[in-house]
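The values are calculated or read from the model by the stated rules, or taken from the named source; none is laboratory data. Computed from a predicted model, the values in this text were never measured in an experiment. Note that we place each Cβ from the backbone using ideal geometry, even for glycine, and neighbour counts take in every protein chain shown. The area values use the complete protein model at the heavy-atom level, side chains included, leaving out ligands, DNA and RNA. Shrake-Rupley method; radii C 1.70, N 1.55, O 1.52, S 1.80 Å.
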Amino acid sequence: MEQNPSLDSQVRQKVVQLTKFYQQDKTQLLAMLREIQSEFRMIPGPAIDYLAEELDIPRIQVEGTASFYHFFSSKNRGRYTVYMNTSATSEMAGAAAVMLAFEKAAGIKFGQTSENQQIGLFTTSCIGMCDQEPAALINDFVFTHLTPARVEEIVKVIKENGSLQSLIKSGEGKNSSALVSAEVKNNIRFKGPVFFTDYAPGEALKVAMESGSLEVIEAIRKSGLRGRGGAGFPTGQKWGSCRATDAESRYVICNVDEGEPGTFKDRVLLTERPELIFEGMIIAGYAIEAKQGIVYLRSEYSYLKKYLEQVLEGLRSQNLLGRRILKSRFSFDIQIKLGAGAYICGEESALIESAEGKRGQPRNRPPFPVVSGYLHQPTIVNNPETFGCAAKIILKGSDWFKKMGTSASSGVKLLSISGDCEKPGIYEVQWGHTVREILGFCGATEVLAVQVGGPSGNFLSEKEFDRKICYSDLSTGGAFTIFSKKRDLFSIIHNHMEFFTKETCGFCVPCRAGNTLLLKQLEKVMIGNGTALDLKKIEELGLLVKKASRCGLGQSSPNPLLTSLKNFPEIYQRVVRQDVDYMSQFNMEFATSDSAKVANRKPNLEIGD
Amino acid sequence: MSKTKLIVATTSLAGCFGCHMSLLDIDERILELVEVVEFNRSPIDDFKEFTKECDLGLVEGGCCNAENVRVLREFREHCKILVAVGQCAITGGLPAMRNGISMKELLEEAYFNGVTVGNKMIPNDEEIPAILDRVYPCHEIVKIDAFLPGCAPRADLIWEVLNRIIEGKSLDNLTYKNFKYD
Ligand SMILES: Cc1cc2nc3c(=O)[nH]c(=O)nc-3n(C[C@H](O)[C@H](O)[C@H](O)COP(=O)(O)O)c2cc1C
Ligand code: SF4
Ligand code: FES
């Protein structure tokens, strides 16, 4: 391919500058690619060659990384790149009209970049703003509560090469601070004893360092704390087994990938309580004898990066982070690494691969990260909420924590509530509330379905609203999405299945091909061409995908279909054909029209008869 | 006492005849086969048309042209049990590698740009079956009762299916080792 020589030399210069700045550190490949994408609005082909050369890694590894993430592109995405959020809640809040307004104002369709490369319109599946949709990212600026009128205004500024910052409305809480200045709301509805109370950084760390590292792990174990990221693994056990390894270095990773559509509590935690989360990480570092921590921050939250770095600097200046913490012999520091758009990078081993600068593909497990994680050293990966709970447990005691919640699910949970209710937002509640109680808290009426745990969780119908939010019943990372009776459940199920077909990492066939087949089968049913046989096939294939997939994504991706088939059989029965036992969607005229045109002939549909 | 024989039809659509080869790969059991099976429309006895209703149809290959579709529909009409044999029948298989490439590009590659092409033209005689927009797996065209995985499925698997049908047993839970490949 011909390359513009001046572009080529600019790319070369940029790569040399970047690799020098990052000291040829391969694990910073994502950061370098992010800067290249941001400057050239694409990853130009030669950038891949130069990066491979300068970092001394195979070209295919650089290309593999560059082609894996949503926010990297081999084609120009425009000086201003719009990423419209197309999650189900965004669609419910009117994304379609907003998208139309973008297309009209920009004069291009979604998926395209304007000819003068001023603006590109693209979609993305979740930006963590489900309680303030329709929302979009434009060059890393968050825009919430979009309306067609506002879109016109935005595109006008873009066409004049204006400043996006000037369009940003003031946000809530720390969102309005100078370093964040994002028009994002926190919507904290229920404040509880763990997260949104008075808090002074350093107190918990002092208690931890006075008691000793094994005692810290014991306290966490006794508190009954389990992971808040969704899987619910006992935190004390995780820390204990990492600490028990024989290794030179260990790592603490905070998982802020928060990619499950419908969760946004980590965003609010990182905005309002970053010190508490970081303190939990430092305590974990002390407990497992690690020296380094990494915050893996999803690209969608990159607007928080400068602010979080300042918070880290503040902790360093208070001697709570960095060398010789609290004048002890314990040194621990934290760096922030940004993702580049990939839901799978929330899966801990994929996250580790991504943090190492590679494609976000899950590893085979075992070995688990506690034995072989970041750079193949023992690593704990935890959700920010887990770290926050841990810090509070150390400060207030295991018993204080254990007294809250239920016997098997101790403490509190942050719920991210969105969809059809009066008060979407963050709710700090004790474990054990029923779905019905929570619907009462947030003012939801005329509810058709609740999805607990996001697309990979469960679709519940009225009959199950007395089930409880806790590890032994409805275990969840916190997403609680409400769909009222005026919603078409099919379009939501379709949205979620589409999400998985886009987010599969593609490594294993059941997940890569299976989800696409499931989506097609669903589409067949939705347009009225389905039969009982199709429903049976969906169920069989769904179970197969769950059973044969390699990681949690594929193991839960058929859930929107399977749980709605179970809990809402009537919607399927309403649309499937009862008069026939098999329906083909094959259309001879359509299927032969292309080849007939190319060969310049009539298809002769009756051939041979 | 003479048993009534199982009447079987077979065909290769967009396949390579590998599955038929596999059917013939049953060694000495082929003598037994003659005792229990009567072939009707099949390349094995070169019957070009159905002359009676069949108990079983074995279909190799998916559908890449209009003729394949016609034959497959005919099989569905005349066979009580219709089985998709092999990867191509089940998923489209190797021929389906063209799916996703535009028809223009495909035909030009085959009839203009290919290294061995002499007389450059895209054949357009109406006698030639029209090519479909993509290669379709059989179950998207007609109802298929059972699927035999493999490329090609083992002779033992095909043999097992024939025997089960003769004995009137269900085709669920076929013997795992007969379709385990590694
Ligand atoms: C597809 C997939 C996505 C995930 N996304 C997240 C996520 O965004 N945040 C998170 O904390 N955990 C996520 N997890 C769970 C993590 O793998 C891991 O269990 C968790 O970070 C451990 O932290 P915890 O024990 O504190 O919950 C995801 C898992 C899978 C399979
Ligand atoms: S289950 Fe899906 S996301 Fe997970 S490894 Fe397989 S292809 Fe990748
Ligand atoms: S012809 Fe049998 S699998 Fe391809």
Bounding extents of the range A:203-402 in its principal axis frame from Cα atoms, largest first in Å, are 41, 36, 33
Tell me, what is the percent relative contact order of the range A:150-204, built from C-alpha pairs under 8 Å that lie six or more residues apart?
19 percent
Show me, for the range A:493-510, the HN-Hα J-couplings you get by feeding each phi into the Karplus relation (A = 6.51, B = -1.76, C = 1.60, θ = phi - 60°), rounded to Hz, glycine and proline as x.
4, 4, 4, 6, 5, 5, 3, 5, 5, 7, 9, 4, 7, x, 6, 10, 4, x
Computed for chain A: size of charge dipole around the Cα centre, +1 on C-beta of each Lys and Arg, -1 on C-beta of each Asp and Glu, debye to nearest 20, value 820 debye
Whole-number Å³ per residue for the convex hull built on Cα positions in the range A:59-150:
96 Å³
Under 5 Å, built H, 5+ apart or other chain: amide partners of A:THR123
A:MET84, A:GLY111
Which of the residue pairs A:LYS291/A:LYS413; A:LYS520/A:LYS546; A:LYS291/A:LYS396; A:LYS14/A:LYS75; A:LYS520/B:LYS180 have a Cα-Cα distance greater than 22 Å in the structure shown?
A:LYS291/A:LYS413; A:LYS291/A:LYS396; A:LYS520/B:LYS180
Long-range amide H partners of B:ILE7, meaning residues 5 or more apart or on another chain whose placed amide H is closer than 5 Å, are B:GLU38, B:ASP55, B:LEU56
Working from the alpha-carbon coordinates of chain B, get Rg over Rh, Rh being the Kirkwood radius.
1.02
Along the charge dipole of chain A, pointing to its positive end and built from +1/-1 on Cβ of Lys, Arg, Asp and Glu, which listed residue (A:VAL452, A:GLY229, A:GLY425) has its Cα farthest out?
A:GLY229
Using only helices, what value at 222 nm comes out for chain A when you add -39,500 (n - 2.57) per DSSP H run of length 4 or more and divide by the total residues, to the nearest 500 deg cm²/dmol?
-13000 deg cm²/dmol
In Hz, Karplus ³J(HN,Hα) per residue of the range A:58-67 (6.51, -1.76, 1.60; θ = phi - 60°; x = Gly, Pro)
x, 4, 5, 5, 5, 5, x, 5, 5, 8
Using a 4.7 Å cut-off between beta carbons, which cysteines in chain A end up with no partner cysteine at all?
A:CYS126, A:CYS130, A:CYS242, A:CYS254, A:CYS345, A:CYS389, A:CYS470, A:CYS505, A:CYS508, A:CYS511, A:CYS551
Probe 1.4 Å, heavy atoms of protein chains only: per residue, the accessible area of the protein assembly as shown in Å² is 44 Å²
Carbon plus sulfur fraction of accessible area for the range A:5-68, probe 1.4 Å, in percent:
50 percent
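Set the Förster radius R0 to 60 Å, insert the Cβ-Cβ distance between A:GLU115 and A:GLU210 as r into 1/(1 + (r/R0)^6), and round the FRET efficiency to 0.05.
Calculated value: 0.40.
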Across the residues of B:131-142, average count of Cβ atoms on other protein chains within 10 Å?
4
Quick one: if you stick a label point 7 Å off each Cα along the C-beta vector at A:LYS485 and B:ASP182, how many nm between them?
5.4 nm
Among A:LEU321, A:THR144, A:PHE483, pick out the residue whose Cα is farthest towards the positive end of the charge dipole of chain A, where Lys and Arg carry +1 and Asp and Glu carry -1 on C-beta, about the Cα centre.
A:LEU321
Over chain A, what relative contact order in percent results from Cα pairs under 8 Å that are six or more residues apart?
12 percent
For the range A:5-68, what mean projected area does the convex hull of the alpha carbons give, in nm²?
3.7 nm²
quick shape note, the range A:412-487: Cα extents on principal axes in Å, largest first -> 31, 22, 20
With the crude spin-label approximation of a point 7 Å out along Cα→Cβ, what separation in nm comes out for A:ASP246 versus A:ALA178?
5.3 nm
Here the FRET efficiency for B:ASP133 versus A:PHE441, based on Cβ atoms and R0 = 30 Å and rounded to 0.05, is 0.05
Compute, for the range A:50-128, the length of the dipole vector about the Cα centre, with Cβ point charges of +1 (Lys, Arg) and -1 (Asp, Glu) only. Units Debye, rounded to 20.
320 debye
What list of ³J(HN,Hα) couplings, whole Hz, do you get for the range A:456-473 from phi and the Karplus terms 6.51, -1.76, 1.60, once you set θ to phi - 60° and write x for glycine and proline?
7, x, 10, 8, 10, 9, 2, 4, 10, 6, 8, 6, 9, 7, 6, 4, 7, 10
Among B:CYS64, B:CYS138, B:CYS16, which one shows the biggest mean-square fluctuation in a GNM of chain B, springs joining Cα atoms closer than 10 Å?
B:CYS16
How are the Cα pair distances of the range A:465-523 distributed, in percent, across 5 Å bins from 0?
4, 15, 18, 15, 18, 20, 9, 1
Can you pull the semi-axes for the range A:543-604, root of five times each eigenvalue of the Cα gyration tensor, sorted largest first, whole Å?
37, 21, 9
Expressed as a fraction of 2.2 N^0.38 Å, the rule-of-thumb size for a compact globular protein of N residues, what is the C-alpha radius of gyration of chain A?
1.00
Charge dipole of the range A:203-402 about the Cα centre (unit charges at C-beta), most positive-ward option of A:CYS242, A:LEU351, A:SER331
A:SER331
Heavy-atom accessible area of A:CYS421, protein chains in place, probe 1.4 angstrom, given in Å² to nearest 10, is 30 Å²
Residue by residue through A:585-593, how many Cβ atoms from other chains fall within 10 Å of the Cβ on average?
5
At what distance in nm do the modelled label points of A:PHE21 and B:SER102 sit from each other, each positioned 7 Å from its Cα along Cα→Cβ?
4.0 nm
Efficiency of FRET between A:ASN529 and B:ASP145 - r from beta-carbon atoms, R0 22 angstrom, step 0.05:
0.65
Extent of the range A:268-336 along each principal axis, from alpha carbon coordinates, in Å, largest to smallest?
36, 22, 16
Computed Rg/Rh of the range A:490-575, alpha carbon atoms with Kirkwood Rh:
0.95
Give, rounded to the nearest 20 debye, the magnitude of the charge dipole that chain B has about its Cα centre when Lys and Arg contribute +1 at Cβ and Asp and Glu contribute -1 at Cβ.
380 debye
May I ask which of A:LYS20/A:LYS502; A:LYS337/A:LYS547; A:LYS169/A:LYS305; A:LYS423/A:LYS485; A:LYS305/A:LYS423; A:LYS403/A:LYS468 have a Cα-Cα span longer than 24 Å here?
A:LYS20/A:LYS502; A:LYS337/A:LYS547; A:LYS305/A:LYS423
Could you tell me the total accessible area buried at the A-B interface, probe 1.4 Å, in square angstrom to the nearest hundred?
2100 Å²
Of all beta bridges DSSP finds with both residues in the protein assembly as shown, what is the antiparallel percent, to the nearest 5?
40 percent
